[in-house]
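**Student:** Pasting in a structure now, in structure tokens, and then I'll have a few things to ask.
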Amino acid sequence: MALSIGFILKNLRPAGRLARRCLCSSVRDENVTFPERVFSGIQPTGIPHIGNYFGAIKNWIKLQDTNDSVIYSIVDLHSVTVPQDPTTLRENILSMTACLLACGIDPDRGILFQQSQVPYHTELAWILGCNCTLSRLDHLPTWKEKSAGMKDAMLGLYTYPVLQAADILLYKGTRVPVGEDQTCHIELARALAKIFNNRFGHYFPLPEVLLTEAPRIKSLRHPDKKMSKSEANPKSRIDLTDSPDEIRQKVKKAVIDSEPKITYDIDNRPGLANLIGLECAITDKSPSQVCEENCNVMSGQYKLKVADLIVEELTPIRLQMERLLSDRQHLSSILEKGRDKAMEIAEPNIAEVKSLVGFL
Ligand code: TYM
């Protein structure tokens with residue numbers, strides 16, 4: 001079959017460039033420095049709750065001020081690891097866009113995009129998956145938790161962490177702001193980057209986890225578990241769009257022990273510690289400072305105080321989100337621009353990966 005000169009040049013150039021780079025640095029050169037790049041993602045599976053917000057999104061916003069390159073993705077490919085209604089999913093992608101903007105994500109300072117709009121995530125996931133053993137995935141606590149009780153789990157749910165590694169590595173992400181539940185996935189991303197680098201040259205950085213001061217917000221009904229969208233009882237969590245009344249009701253009903261004094265003891269008083277943690281996340285105070293300030297306050301009154309702080313924090317977000325949702329065209333255009341900017345980084349990177357692997 002005859003190949004045009006244009007085709008050959010187009011496909012050989014990345015390989016040539018890369019070969020030159022590999023000649024300059026030794027194949028396993030651990031001293032290669034990578035520019036700092038923040039990458040993180042969130043699933044469009046409904047309105048985020050205060051666990052998502054204080055555990056991750058607040059950090060995303062702060063990092064925009066201190067990093068030249070920040071990329072945030074609405075990870076719709078991850079969301080279909082459990083069945084999604086197409087109309088609802090479409091709606092959720094736009095409402096997540098509105099929500100992130102309302103929280104303070106600035107699409108002009110960084111990149112905000114929809115994962116499935118950049119086809120290279122799945123391409124890289126395949127390559128990484130071909131270098132990942134089953135036992136690595138079997139050991140992940142998230143897999144054990146999510147598949148527990150399922151008669152027959154889906155393949156996507158099992159390989160989901162490999163796709164997450166691809167998300168980060170496709171952009172050579174160096175710092176990944178997430179909640180504590182995701183740290184095992186970032187560990188896997190590091191492991192897969194190391195395996196790839198050992199085989200093909202030091203190409204990927206080893207991404208690092210960034211946690212907030214509130215990396216694991218607990219369920220209001222079961223303070224031994226993390227707050228989660230998947231817990232059936234909506235009173236277990238506070239969504240970012242809850243009304244002031246709903247927030248006050250949920251905090252009032254939060255499960256705490258019967259001791260009225262305010263002390264911080266995660267192991268023995270997890271429900272109260274969760275509320276103190278929320279106050280700390282909002283005010284930047286330390287738990288001991290909060291306890292000192294509330295030494296004459298009873299736990300019932302303290303709940304009301306925390307509820308007021310949450311209402312104050314969330315009200316502007318809820319109102320801004322309502323405004324943003326009235327212009328869906330604007331939201332779609334932000335995602336389109338985000339996709340274009342993400343593609344500019346992803347396209348040359350996947351070409352280099354393909355060249356290293358031997359496809360080009
Ligand atoms: P997701 O959509 O479940 O959650 C989004 C972020 O919220 C954090 N989070 C919490 N933090 C503190 N307390 C809680 N109770 C709590 N619940 C959720 C999560 O840790 C997460 O940071 N797999 C990821 C999405 C993802 C991703 C990525 C993240 C896909 N690709 C690449 C980083 C980099 C997830 O399901 O997040």
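**Student:** Please give the charge dipole size of the chain, origin at the Cα centre, charges +1 on K and R Cβ atoms and -1 on D and E Cβ atoms. Round to the nearest 20 debye.
**Tutor:** Values: 44 positive and 44 negative charges, 170 e Å.
So the dipole magnitude of the chain works out to roughly 820 debye.
**Student:** Looking only at segment 225-261, which residues have a backbone nitrogen under 14 Å from a spot 7 Å from the Cα of Ser147 in the C-beta direction?
**Tutor:** Within reach of a label on Ser147, which here means backbone N under 14 Å from a point 7 Å along Cα→Cβ, segment 225-261 contributes nothing.
**Student:** Now for a separate question. Based on DSSP H assignment, which helices of the chain show an axial Cα extent of at least 24 Å together with a mean Kyte-Doolittle hydropathy greater than or equal to -1.0? Write out the running numbers ahead of the final one.
**Tutor:** Working: long enough: 5-24 (28 Å, 0.39); 86-103 (25 Å, 0.79); 183-200 (25 Å, 0.16); 299-325 (38 Å, 0.05); 328-357 (41 Å, -0.41).
What comes out of the filter, once short or polar helices are dropped, is 5-24, 86-103, 183-200, 299-325, 328-357.
**Student:** I'd like the FRET efficiency for Phe359 and Leu319, computed as 1/(1 + (r/R0)^6) with the beta carbon distance as r and R0 of 51 Å, rounded to 0.05. Mind showing how you got there, number by number?
**Tutor:** Values: r = 50 Å, r/R0 = 0.97.
E between Phe359 and Leu319, to the nearest 0.05, is 0.55.
**Student:** What ranking of Met96, Met154 emerges when the number of other C-beta atoms within 10 Å of each C-beta is taken as an exposure proxy, fewest first? Walk me through the numbers before you get to the answer.
**Tutor:** On the way: Met96 24, Met154 14.
So the ranking, lowest neighbour count to highest, is Met154, Met96.
**Student:** Out of Ser116, Ser95, Ser230, any idea which swings most in a Gaussian network model of the chain, alpha carbons joined below 10 Å?
**Tutor:** Ser230
**Student:** Given the pairs Lys151/Lys250; Lys172/Lys285; Lys62/Lys235; Lys172/Lys341; Lys146/Lys354; Lys62/Lys250, which span a C-alpha to C-alpha distance of over 24 angstrom in this model? Don't skip to the end; give the middle numbers.
**Tutor:** Numbers: Lys151/Lys250 34 Å; Lys172/Lys285 34 Å; Lys62/Lys235 29 Å; Lys172/Lys341 15 Å; Lys146/Lys354 33 Å; Lys62/Lys250 28 Å.
In this structure, Lys151/Lys250; Lys172/Lys285; Lys62/Lys235; Lys146/Lys354; Lys62/Lys250 exceed 24 Å between Cα atoms.
**Student:** Using a basic spin-label model with each label point 7 Å from the Cα along Cα→Cβ, how many nm lie between Lys305 and Cys130?
**Tutor:** Modelled inter-label distance: 6.0 nm.
**Student:** Continuing with the same structure: Classify segment 25-90 from the C-alpha gyration tensor, please: rounded if a/c falls under 1.5, else prolate or oblate depending on whether a/b exceeds b/c.
**Tutor:** Numbers: a/c = 3.34, a/b = 1.71, b/c = 1.96.
Judged from the Cα gyration tensor, segment 25-90 comes out oblate (a/c at least 1.5, b/c at or above a/b).
**Student:** Ignoring trypsin sites (Lys or Arg not before Pro) that are buried or in helix or strand per DSSP, and keeping those with at most 16 other beta carbon atoms within 10 Å, what is the longest stretch of the chain between them? Don't skip to the end; give the middle numbers.
**Tutor:** Details: sites that count: Arg28, Arg109, Lys151, Lys225, Lys229, Lys253, Lys261, Lys285.
Here the longest run is 29-108.
**Student:** Let me ask something else about it. Just check the chain against the gyration tensor rule for me: Cα atoms, a ≥ b ≥ c as the square roots of the eigenvalues, rounded for a/c under 1.5, and otherwise prolate or oblate depending on whether a/b exceeds b/c. All intermediate terms of the calculation are to be shown ahead of the outcome.
**Tutor:** On the way: a/c = 2.11, a/b = 1.87, b/c = 1.13.
Taking the square roots of the gyration eigenvalues as a ≥ b ≥ c, the chain is prolate.
**Student:** In debye to the nearest 20, how big a dipole does segment 222-360 give about its Cα centre with +1 on each Lys and Arg Cβ and -1 on each Asp and Glu Cβ? Walk me through the numbers before you get to the answer.
**Tutor:** Numbers: 21 positive and 24 negative charges, 80 e Å.
The calculation lands at about 380 debye.
**Student:** Please rank Cys130, Cys184, fewest neighbouring Cβ atoms within 10 Å first, as an exposure proxy. List each step's numbers first, then the result.
**Tutor:** Values: Cys130 9, Cys184 15.
Taking fewest neighbouring Cβ atoms as first place, the list is Cys130, Cys184.
**Student:** Between His185, His222, His49, which gets the highest mean-square fluctuation from a Gaussian network model of the chain, Cα cutoff 10 Å?
**Tutor:** His222
**Student:** Classify segment 261-360 as rounded, prolate or oblate, taking a ≥ b ≥ c as the square roots of the eigenvalues of its Cα gyration tensor: rounded when a/c is under 1.5, otherwise prolate if a/b is larger than b/c and oblate if not.
**Tutor:** Details: a/c = 5.03, a/b = 1.98, b/c = 2.54.
Oblate shape, in that a/c is at least 1.5 and b/c is the bigger or equal ratio.
**Student:** Given points 7 Å out from each Cα along the Cα-Cβ axis, report the Lys235 to Asp106 separation in nanometres with one decimal.
**Tutor:** Each label point lies 7 Å from its Cα, and together they span 4.2 nm.
**Student:** Please report how far the C-alpha centroid of segment 269-311 lies from that of segment 68-107, rounded to the nearest whole angstrom.
**Tutor:** With segment 269-311 and segment 68-107 each reduced to a Cα centre, they are spaced 31 Å.
**Student:** If r is the Cβ-Cβ distance from Met154 to Asn31 and R0 is 56 Å, what FRET efficiency results, to the nearest 0.05? Kindly include the intermediate steps, with their values, before the conclusion.
**Tutor:** Values: r = 41 Å, r/R0 = 0.74.
So, using R0 = 56 Å, E works out to roughly 0.85.
**Student:** In a GNM of the chain with a 10 Å cut-off on Cα contacts, which of Leu169, Leu100, Leu325 has the highest mean-square fluctuation?
**Tutor:** Leu325
Taken together, the values in this text are just the output of simple stated rules run on the coordinates, not laboratory data. Since the model is a prediction, treat every value here as computed from it, not as a measurement. Using ideal geometry, Cβ is built from the backbone for each residue, glycine included, and neighbour counts are taken over all protein chains shown.
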